[in-house]
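Below is one structure, written out as structure tokens; the observations come after it.
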Amino acid sequence: MTFPDKIVDGDIRSIARGISIVESGGIESDNLLNELYNRNCSYIIGVTGPPGAGKSSLINLLIDEFKHHFRKIAILAVDPSSPFTGGALLGDRIRMQQHAMSESVFIRSMASRGHIGGISGATKDAIKIVSAAGYDLVIVETVGVGQSEIDIVKLSDTTVLILVPGYGDEIQVMKSGIMEIGEVFVVNKSDKSGSEKLATTVKWLLKENYRNKSYLPPVILSSVTNNTGIEDIVKAVLNHKNYIEKNGIDRDKIQERIKDDINILLERKINEFIQHHLKYPENIEKWVNLVISKKSTPYEIIREIKDNMILDIREDI
């Protein structure tokens, strides 16, 4: 049995090794993903929200409820990267330890590696691995949320935005971009004061400003401490799943992901071409010195590079 076949067969060690390969990148990663690409069949839920919102603890409770609706569940928890090793720093698997031995649940912490969108650059490739392995639900937990951190929308079929009272979220949700992220809004830690006010604010903002007039996201109060709101969150996710499937939005999302894959691969190949033919960054000091000595300008340098690249491409062809 080949290595890709072992992944498709659901071998846990092979799945873990496959994710490590795509995290490292390179030709081995490309070859593996090429073998597995057309086997993707997962429904993807993105869970995002500010640090301290209780995302991991909430996902821990959601897993049991989602088991009633999906055969196999994979959780990819994107953690901040260690500045020393580049590895995942928090280790969300600790919070989900009770599920670690379940044959139907796979949990993996991934390092963000400084990616500003709250999503590791390799996360989308890791989704392809677990999807090919037969996990029909993939939950991606992001590092945090902010105006620039909306990559999860491109990646997921349903995005769950978790907010909490007392973290300044009353102001945060009013910021441009934040309201565009979620399809399901959750006010977690609802046992704390201010949760009802926050939920009311979010509902009003959604009613007035939400991008899709044919779908209004629900706002759900939840509490990990009291184990409340869990069934309502799962129901809301399934309702959104039915909505996008009924209206063909799921197909649109798949098309956008394929476009994104092609763009990323194209950019990567262009960068590799630049590295090989221009010997960048080795030549950057030379170019800087030319500008400092007023013998050239950045515009002239780029124009010359572009002309030389065209010649190199012709020679390669």
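Read the figures in this text as sums done on the coordinates, not as results from a lab. On a predicted model such as this, the values are computed, not experimentally measured, just so you know. Backbone-built Cβ (ideal geometry, glycine too); neighbour counts: all protein chains shown.
Taking amide H atoms as placed 1.01 Å from N in the peptide plane, the amide H of ASP11 has no partner under 5 Å among residues 5 or more positions away or on other chains. The amide H of ILE73, built 1.01 Å from its N in the peptide plane, has VAL105, PHE106 as neighbours under 5 Å, considering only residues 5 or more places off or on other chains. In this structure, the pairs whose alpha-carbon distance is over 20 Å, taken from LYS6/LYS128; LYS213/LYS241; LYS55/LYS207; LYS213/LYS246; LYS124/LYS259; LYS192/LYS241, are LYS55/LYS207; LYS192/LYS241. Each Lys or Arg adds one and each Asp or Glu subtracts one; over the other residues with Cβ under 14 Å from the Cβ of LYS235, this totals -3.
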